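Step one of this worksheet: look at the structure below.
The values are calculated or read from the model by the stated rules, or taken from the named source; none is laboratory data. Note that the structure is predicted; figures quoted are calculated from it, not measured. Cβ coordinates were reconstructed from backbone atoms using ideal geometry, including for glycine residues, and neighbour counts include every protein chain displayed. Calculation scope for accessible area: heavy atoms of the full protein, side chains included, ligands and nucleic acids excluded. Shrake-Rupley method; radii C 1.70, N 1.55, O 1.52, S 1.80 Å.
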Amino acid sequence: MATPTPQTAPAGGLRERKKQRTRDALIRAALELFTEQGYEATTVDEIAEAVDVSQRTYFRYFANKEDVAFAVQEMVEARFMAELTARPATEAPLTALRSAVMVAWDDIGSAIESVIPVELHMRSYQMIESTPALMAVHLRRSSELEEQIARLIAAREGLDVDADPRPRVLVAAFCGVMRVAGKIWGEGPDCSVASIRELTQSYLDHMAPAIDDDWRTHR
């Protein structure tokens, strides 16, 4: 009788799922504490205690409080970048950007809700914008993301991003529209994913007319 071959643990096995659950629990606990009592007033010990883990365990997942504050936003951005990278090379730059963000929103809602309620995501967005230390980080991260997108668009078009200003100009306009849509959503009464998707689509639909030379023809 042949000796059974040992079975390797499948990807995403029990241990990995447990680690993911712990990470998600830390994110949720941190964001709930940040939005309830303030970012500066919340300690790593409080976050760890809320999940019933040690401070040492917390630092296995996050280097500091800043990392956990932006964890969900980073997930959303990564989903968008993956979709943009996968867009057909034949699409025009603005079409690729618009399609990527709309397709990403088709499934990012369920991804967010697997970690935190969308309502908590909205409150976290408002908390970041009202916390000077986090707002400074948010602006820096936004600038870095814009540069990544611009370089990706330039590569798609076979352009030198440092010699041709068009990729950076286009991405600056696109990201500006996204920030406005996010701000309006964050201040509104509807915190659903459907709401931010619809608002994003509406604002992107107005992007081309808004930058047209003659606004009077687009009233």
Problem - Fully extended contour minus Cα-Cα distance, from Glu146 to Leu94, at 0.36 nm per residue - result: 17.3 nm
Completion exercise
Heavy-atom accessible area per residue of the chain, all protein chains kept, 1.4 Å probe, expressed in Å², is 58
Practice task
Work out, step by step, the length gained on full extension between Met81 and Phe59: first 0.36 nm times the residue separation, then minus their alpha carbon distance; give nm to one decimal.
Solution key: 5.2 nm
Practice task
Could you work out, for the chain, what percent of all Cα-Cα pairs fall into each 10 Å distance bin, beginning at 0 Å and stopping at the bin that holds the largest distance?
Solution key: 7, 27, 31, 21, 9, 3, 1, 0, 0
Practice task
Sum up the charges of everything whose Cβ sits under 11 Å from the Cβ of Met178, counting Lys and Arg as +1 and Asp and Glu as -1, but leave Met178 out.
Solution key: +1
Problem - Choice from Glu32, Glu146, Glu16 showing the highest fluctuation, given a GNM over the chain with Cα pairs closer than 10 Å - result: Glu16
Handout entry: Share of carbon and sulfur in the accessible heavy-atom surface of the range 102-219 [1.4 Å probe, %]
Key = 57
Completion exercise
Length-normalised contact order of the range 22-85, Cα under 8 Å, at least 6 apart, in percent, tallies to 34
Practice task
Between Glu40 and Leu14, take the C-beta separation as r, use R0 = 35 Å, and let me know the FRET efficiency to the nearest 0.05.
Solution key: 0.40
Completion exercise
Among Ala104, Ala194, Ala63, the residue with the largest mean-square fluctuation in a Gaussian network model of the chain built from Cα contacts under 10 Å is Ala63
Fill in the blank from the handout: CD proxy, 222 nm, the chain: helix-only mean residue ellipticity via -39,500 (n - 2.57) per DSSP H run with n ≥ 4, per residue, nearest 500, stands at -23500 deg cm²/dmol
